[in-house]
Structures are given as C-alpha cells and as structure tokens.
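Encoded as structure tokens, here's the structure I'll be asking about.
Values in this text are rule-based calculations from the coordinates and carry no lab data. Since this is a predicted model, take the numbers as computed values, not measurements. Note that each Cβ is placed from the backbone with ideal geometry, even for glycine, and that neighbours are counted across all protein chains shown.
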Amino acid sequence: MLFIATVILAVIFQSSVLPVYIADPFKPDLLLIIVVYLALRGSFKFGSPLSWLLGLIKDVLSGLYLGLNAFTFLIIFLVIKNVADRLYAESSFLFVVTVLVATLASATINLLLLVMLTNVPGIAYSITSGLIPHVLTTAFAASLATLFPRFSRGNEAL
Amino acid sequence: MEIFKKYGFIILISTGIIAGVLFYSLNVPRSREANFIERGIMASFAPILKPAAQVSRFFEDIWDGYISLIDEHKENLRLREEIRDLNSRLVEANEAVQANLRLTRLLDMKSNINAQSLTASVVGEDVTSWFKTMIIDRGSSSGIRQGMAVIAADGIAGQTVKVGASTSRVLLMTDHASGIAAVIQRSRARGVVKGKGEGLCSMVFTTRDEDVKVGDQVVSSGIGGVFPKGLPIGEVTMVKRGEYGIFQTVTIRPVVNFSHLEEVLVVLRGGYE
C-alpha cells in the first residue's frame, strides 16, 4: 500500500504540482528514483515487472511513444540489479550516485530509441540541452528521498 | 449599687444611645462645617489615605490592564480570524476576477471559431522536459477524439493525441512531433509550423523567395482541416536565408504562453478514432 501511495504521489507531483513551480529542465524524474530504489533494495521477481510498469505510467503521462520509458526503466533496473549484490546498497551516497548515473542512462537510451525508431528532428538538442539540470535535480530529489525513515530501514516487503 | 450591678449594661447602652442622639442633634445645625473631631480624624488619616489610594489605584490599574489584556487577546484572536477570512475571500475574489478575464478572452476566441467547441481545464503537464504535452480534464465522454484542435485564448495551443474517457493528452505546438499548416498573415507565404522545443517553433518548407520578415504574424492556413483558418500561431522572430538550399529558416515565438495555460477550447470537429 505504501508503495502504491508513493507511486501515486510521485505521479501527481511530477505531472501537476512541480510543473507549476519549476521550469522544464529542472523537473526531477521521481519515477526513476523509485526504479533505482527497487533495483538496489527490491527483489528481481517483484522489481522487474514493476519497473516496466512504472515506465509505462511515465509513457502515459509523457510524449507520444508508449513503451519508450517502460523499456528504458526495465533496462536500467536489470543493469543495476545485476551489480547491486556487489554494492553496499544501504548507502545513501551510493543511492544518489546511482540515481544520477541512471538519469544519464535513461536520457541516453531514450535518445537512442527516438533517433533509431522515430522521426523527431531536433529531439537530440532538446534532450541534451536540458540534461545537466535534469540530472542534478533528480539527484537532489534522490538525496531528499534518503531522508525518509523508510529509506534507512529498507523495504523488506519488496 | 445593686441596681447598677443588675441593670448596668442596659443603662450604659441607653446612655450611649441618648448621647449619640444628642451629639447628632447638636451637630445638625452645623453639619456643613467640620468640627474639631472631624478635622482631627481627617488630619490623622490624611498621611495614610494618600499612599493607600495610590497603592489601590496601582492595583486597580494592574487589574484593569489584566482584564483589558484578556479582552484584547480575545479581540486579537477574533480580528486575526477575521483577517484570515477576509484574506481568503480576497484571494478567491482575485481568482474569480482572473478566471473571468481568462474565460472572457476564451469566449471571444470561441466566437471567432465557426465550429462547436468545448472548454477544458489543464490538469497536468508532461512529466519529462523534452516532450511538450499537457493533460486536460475532458475525454471521449465529452465527445473529444484524437486529432482535434486545441485553442487557447491567444491562439492555437496544439491538438489532442491520446484520449481517455475523462482526460486527454494534448500535443503542444512546441513539441518536435507537432506540425501545423500555416501562412504569414501579411504576405500569405505558406509553410508548416513545427515545434523546436524550448517554447519555440520553426516554419519549414517556406521557399527562400517568399516574403517573410521579423515581426510578421503567423496564422493557421486551414489546410488539413484540423485547425480553423486564420487562428493566431505566433510571431516571426528570426529569418535566415542561406547561400544554398531552396528553403529559408524561420523561427517563430508562439502567441500562447504555455507555462500559464489554464483553460483551453477543444474544437469538436474532425479528429479520428
């Protein structure tokens, strides 16, 4: 229930609350933060379909291409999950760094898929021009997420 | 002596009463003047009465102050509540005035469109920064279909792309995937307005010999049937003609401020399932 509430809150914040107060490039990717959390703390069985689903939710609320972020999130989850066992997953610092790298990776995979499979001239410029503030604000949002008590306790249910 | 012993107390009381009456009756004619007894008593109490009155007044002030403090505190709370109430009413009134202005402008725009239209409110924006879409609170249950024109009070906003039962996604004209057939109002030069991201658009397929100048107004041409003819799109901010090539590069700033969009009109015409 807490997880569902978190996802709903993240979606509401990202689509209806944050755009009112902050400029476009500074929008953090809250759903990606949840995916990274799932990859570092959650189980493979639960996390992989959920990551895909979170990406699908993001696709419904963004752009024209259903499945773009679903695929990206799944790839990111699988890669992080693959190395998570060798990392100190409880570390807040590691979480923030992973979110930062994952945001970069997400933008790169999105860009590759868009360039390869669609005809949207100029999208590369749009993505790259706003990438640095986007990455930094997402990492900042991730650092705020580490302040929640639930984060330090971990999530046994996942 | 025996009598005094037996009735001494009664005699004393009676004497006292009689003496009191006598004393009173003797003083009645001179009641306006203080006699020596009165003066003596007054003189002996005067030094005590003055500071006593001052002390009494001091405590009275404190008491009054305390009482008035309690009253003022209550009044303060009441006034604060009143101010809060009035402030919220003021904000509501301002909001109503602003909404009224916006809706009046939207109605003006509605009267310019020769087609049935529907008012919708913007309830969400694109969650990423590189796509430009927004969510409105009307869907297929209100008769909206994909590909319908969405218009703001100032001009064209975009078109519906994904329609749910009660909400729809609108592809804004600044998105890279957007394309609107347009003409330069002054010279009637044709082209297609495409989104560039970052809140700007470009007019493509305008041949280099067409007359386009900075400051020209760009309006919809009506070709394609999605957008009604003559609706404002934007203003030309830059024109670039290279040495080679058959087209010129025209940059357009949309007339609609997408970051402050709250209400839009959906033209209930065309569209597809």
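Which residue fluctuates most in the GNM of chain B (Cα springs below 10 Å): B:Arg39, B:Arg169, B:Arg241?
B:Arg39
Can you give me the relative contact order of chain B as a percent, contacts being Cα pairs under 8 Å and 6 or more apart?
16 percent.
Taking neighbour counts of Cβ atoms within 10 Å as a proxy for exposure, in what order, fewest first, do B:Trp130, A:Trp52, B:Trp63 appear?
Starting with the residue having the fewest Cβ neighbours, the order is B:Trp63, A:Trp52, B:Trp130.
Most fluctuating residue of B:Arg84, B:Arg57, B:Arg208 in a GNM of chain B with Cα springs under 10 Å: which is it?
For chain B, modelled as a Gaussian network with Cα springs under 10 Å, the answer is B:Arg57.
Hey, with R₀ at 25 Å, roughly what FRET efficiency would B:Ile3 and B:Ile37 work out to, going by the Cβ-Cβ distance, to 0.05?
0.15
Considering Cα pairs under 8 angstrom that are at least six residues apart, work out the relative contact order of region B:183-265 and quote it in whole percent.
28 percent.
On to the next question. Dipole size in debye (nearest 20) for the protein assembly as shown around its Cα centre, Lys and Arg Cβ +1, Asp and Glu Cβ -1?
360
Now for a different question. In nanometres, what is the gap between the two model label sites at B:Ser121 and B:Glu95, each 7 Å from Cα along Cα-to-Cβ?
0.9
Fewest Cβ neighbours within 10 Å first, please rank B:Val55, B:Val123 accordingly.
Ordered by Cβ neighbours within 10 Å, fewest first: B:Val55, B:Val123.
Quote the relative contact order of chain A in percent (integer), defining contacts as alpha-carbon pairs under 8 Å separated by 6+ residues.
Across chain A, relative contact order equals 29 percent.
Using a 10 angstrom cutoff on alpha carbons, build the Gaussian network for chain B and name the most mobile of B:Ala181, B:Ala43, B:Ala157.
Result for chain B, Cα springs under 10 Å: B:Ala43 fluctuates most.
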